Amino acid sequence: MHKLLCFFSCLALAGLLSAPCLHAFTTTSGSAVWPDGAIVMNLQLSPNAPLSDGQASWNAAAAKMLALWNQQLVRSTFYWTSTTTTTPASGNLANEVIFSADNFGRAFGDSTLAVTSSFRIGTRIIEADVTFNTKYKWDSYSGPLRGTSGVNAEFSRVALHEFGHVIGLSHPDQAGQFVSAVMNSTAGDIDTLTDDDKSGAAFLYAANAGTIAPSLLIALYDQSPLKGDSVEFSVSVSGSAPFSYQWRRNNVVQGVSTASFILSDISAASAGTWSVTVTNSRGSVTSSMVLTVTDTYVAPTISSDPVSVTSLPGRTVVFTVGAKGSTPRVYQWKKDGVNYGNSTASDTLTIADVQPADAGRYSVVVSNNGGSVTSKDALLTINGTTAAPKFSSSPVSQTISSGSTVVFTASVSGTPTPTLSWQRNGVAISGATQNPLVLAKASAAQAGSYTCVASNSSGSVTSNPAILTISSTNDFGRLINLSILTNLSATESYFTLGVTLGGENTRGTKPLLIRAAGPALRGFGLADVLPDPRLELLSGSTVIESNDNWAGADNLKKAFSTVGAFNYAEPTSKDAAVYKSDTTLGGYTIRVGDTNGGSGSVIAEIYDATSTSNFVASTPRLINLAVLKQMSADAILTTGFVIGGSTAKTMLIRAIGPGLTALGVPGVMANPKLDLFSGSAVIARNDNWDGLPQLTTVGNSVGAFAITDANSNDAILLITLAPGSYTAQLSGLNGSSGLALLEVYEVP
């Protein structure tokens, strides 16, 4: 049994406050958690000293912080005691909270206020000790940090932070997540749990809703070793961690609780039926195998021969053989009697992207220390005609600003599947074999003529050229308008959308016009509209601007005209609007509902009200829009966006359903699809993103949360667009419904 020890430190520096995002809290590696039930903390924080906030003792102050975390936990609960008589120690399966000049014999780092030492087995935490550094003089109070003479550390907020480590949370700011959180790595003015901290605790210790039961990925298989050998037992599952493992032999529980282990120097007493049951809070799955131990090696025999296969070019073919006899066994596959690759321990041969040259007779020689045996032949036949590559669309010429990203995409068909090679000015670009081609932070040196060469066994073809022009203009492409058109009803009385204001090396403030239009939509032929929309602009959880009825305000009329927004029908209409002239960098939430609980269509809009003459490279921009919404089987979620400026802009547009499951979101849309329109014409669409590495790389660059399953049914578009108006629509494929997230990012 192996225990993993982790350390977390908190530095006495100014706190960080930044923009929120969908999933910002971070957890320890593997999202380790405590078993369900009690987490008992031994509070041994003595001697006591006067505390400015009136707490009776350091232990009482610590208990108050534990109680704050308890409000966010469902499956586990902190309990504490101040009467323990045990001597604090590390690795004793007791959870100690102490003051000390070192961390159980290990020196504190410079400026380290406190350290949490966490032990775990697999994804289960079994011990966590918190040590406060006596190098500092401590006090306890709320509110901003004080510079009181002689006091240089505030206890309660540091304790709240360290107890977050105890339950398995890490530092969001050190993982590139910039949020307001007590779990950030630096001590600041935050003295209570923020929404982000609460979300992290709920993620780790929520109820079973959304949890996926374990399912076998790699099962146990029968083994026949010689007496005295070593045998490895191993199983792998999918589903929602954490998992527990219970191993049995002949239905008798064994003293093993890990996913794999090695049994050494086996004997006849080790033989029998071995099984492992893998369990999480949703369910369990069991895998079993028969272990046969022999005194002498048993030569292999074939229990099932590989089966003949007929395939089209470009497909994947799998041959499998069944064998018995002593283990370990070695498999040497042959094609037409000649060795095919090296011998392996696998009873399966996989041939990807088969071609006519792969046709032939396949067999396998199975060997062990007792002898060898050869299987019967399996015939691989390749049918179907081949087709030379053909481009249905070529890359499009683009003009971009210096230092921005451009994407070239081509569509090609052919049998077998063609391989691609991108060229610039007729010269192959090293490593450029993927579609699309992404050029990040392109400079003048990369301007030129780009083509794509597609090749297969029937020939090759070159696409039409796309000319890349690099401009040094300050009026570069940028988002100047974002909108969401949707419906509200009695069951969904409001919706929220997130928007981020920023951009690399930007500073200062920006004027924004924000609108929620219902009655005004009747002018566009919509009859069923939200009768009395109300909008609120929030920074974090604080409402900073709101409006119910716009009342024909002169400043709003002027703003409508400045940004080119459609006019509201009359001053007495119940549409809503807000003009904020000094919006600062960061993330904001726009919440839209109906004042009287009405239902119907509504559009929420955000306009960049900066005039072109006042725009410079450091001017903040609209860089992200996100909306999470419950979708019915026939619903469509529509976002509009406008690219201003004089150069093209690359956009990342995502329709996420299954990818939300890893964030703990239940009831997601199983198969979203994405359509991008210019006017009434569909210019791009995607159903499944296919795990393209370019999409992951660009997603990371803009701060989008990662989609961990390359085979998920999420939809993503990465595309460079000329200045103009565009519409992206999210809908469910084949009647798919549930929660879905629609996101629009500018790609710098």
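The values are calculated or read from the model by the stated rules, or taken from the named source; none is laboratory data. As the structure is a prediction and not an experimental result, all values here were calculated from the model. No Cβ is skipped: glycine too gets one built from the backbone with ideal geometry, and neighbour counts run over all protein chains shown.
A few comments on the model shown:
- Residues being crowded, with 18+ Cβ neighbours inside 10 Å, within 26 Å of G644 (Cβ to Cβ) and not aliphatic (A, V, I, L, M) - total across region 565-579: 3
- In the condition set (1) within 18 Å of Y607 (Cβ to Cβ); (2) surrounded by fewer than 16 Cβ atoms within 10 Å (Cβ to Cβ); (3) among the acidic types (D, E), E545 is compliant with all but (2).
- Residues (in contact with a Pro (Cβ under 7 Å, 6 or more places away or on another chain) and either aromatic (F, W, Y) or over 27 Å from S215 (Cβ atoms) (or both)) located in region 277-323: V293, P313, G314, F319
- Top-ranked residue in region 445-489 [being part of a loop (DSSP other than H, G, I, E, B) and within 33 Å of the chain's Cα centre (by Cα); ranked as farthest from G645 (Cα to Cα)]: S489
- Candidate set from region 99-120 (those that are of a type in the set (A, V, I, L, M) and either in the same structural domain as G255 (by TED's automatic domain parsing) or surrounded by fewer than 18 Cβ atoms within 10 Å (Cβ to Cβ) (or both)); member that is modelled with the lowest pLDDT: A107
- With respect to (1) touching a residue at least 24 places away in the same chain (Cβ under 8 Å); (2) among the acidic types (D, E); (3) closer than 19 Å to T186 by Cα, the lone exception for E127 is condition (3).
- Only residues that are assigned to a loop (DSSP other than H, G, I, E, B) and either out of contact with any Gly (no Cβ under 7 Å at 6 or more places or on another chain) or within 13 Å of R515 (Cα to Cα) (or both) were counted across region 547-571, and they come to 12.
- Only one of T697, T661 that is buried (at least 17 other Cβ atoms within 10 Å of the Cβ) and farther than 21 Å from V602 by Cβ: T661
- Whichever residue in region 366-392 is surrounded by fewer than 15 Cβ atoms within 10 Å (Cβ to Cβ) and under 44 Å from the mean Cα position of the chain (by Cα) and, among such residues, is farthest from S413 (Cα to Cα): L379
- Matching residues in region 125-157 - criterion: being of a type in the set (D, E, K, R) and crowded, with 17+ Cβ neighbours inside 10 Å: E127, D129, D139, E154, R157
- Here L193, L160 are screened, and the one residue that is surrounded by 15 or more Cβ atoms within 10 Å (Cβ to Cβ), out of contact with any strand residue (DSSP E or B) (no Cβ under 8 Å at 6 or more places or on another chain), assigned to a helix (DSSP H, G or I) and among the hydrophobic types (A, V, I, L, M, F, W, C) is L160.
- Residue selection: T273 fails the criterion of being at pLDDT 90 or above, closer than 29 Å to V365 by Cβ and either among the polar types (S, T, N, Q) or outside the structural domain of A32 (by TED's automatic domain parsing) (or both).
- Filtered residue count, region 163-190, keeping only those that are part of a loop (DSSP other than H, G, I, E, B) and either under 19 Å from the mean Cα position of the chain (by Cα) or over 19 Å from T26 (Cβ atoms) (or both): 9
- Scope region 289-323; condition under 30 Å from S413 (Cα atoms) and part of a strand (DSSP E or B); matching residues: V309, T310, S311, V317, V318, F319
- Taken over region 209-262, residues that are modelled with pLDDT of 85 or more and part of a loop (DSSP other than H, G, I, E, B) amount to 17.
- The single residue among A62, A89, A56 that is under 17 Å from L193 (Cβ atoms) and either at pLDDT 90 or above or in a loop (DSSP other than H, G, I, E, B) (or both) turns out to be A62.
- Every listed requirement among (1) crowded, with 21+ Cβ neighbours inside 10 Å; (2) of a type in the set (G, A, S); (3) out of contact with any Cys (no Cβ under 7 Å at 6 or more places or on another chain); (4) in the same structural domain as F132 (by TED's automatic domain parsing) is met by G188 save one, (1).
- Among the residues of region 345-364, those that are more than 30 Å from S457 (Cα to Cα) and either aromatic (F, W, Y) or surrounded by fewer than 17 Cβ atoms within 10 Å (Cβ to Cβ) (or both) comprise A345, S346.
- Selection status of A527, surrounded by fewer than 18 Cβ atoms within 10 Å (Cβ to Cβ), touching a Gly at 6+ places or on another chain (Cβ under 9 Å), assigned to a loop (DSSP other than H, G, I, E, B) and not assigned by TED's automatic domain parsing to the domain that holds S199: yes
- Taking region 263-288 as the range and being of a type in the set (A, V, I, L, M, F, W, C) and either surrounded by fewer than 17 Cβ atoms within 10 Å (Cβ to Cβ) or in a loop (DSSP other than H, G, I, E, B) (or both) as the test, the residues that pass are I266, A268, A269, A271.
- Any chance V578 is in contact with an Asp or Glu (Cβ under 7 Å, 6 or more places away or on another chain), β-branched (V, I, T) and either part of a helix (DSSP H, G or I) or without any contact (Cβ under 8 Å) to a residue 60 or more places away in the chain (or both): no
- Checking each residue in region 336-360 for being assigned to a strand (DSSP E or B) and either closer than 26 Å to T292 by Cβ or touching a helix residue (DSSP H, G or I) at 6+ places or on another chain (Cβ under 8 Å) (or both) picks out T344, T348, L349, I351.
- Any hit, region 592-604, residues being touching a Phe, Trp or Tyr at 6+ places or on another chain (Cβ under 9 Å) and surrounded by fewer than 20 Cβ atoms within 10 Å (Cβ to Cβ): no
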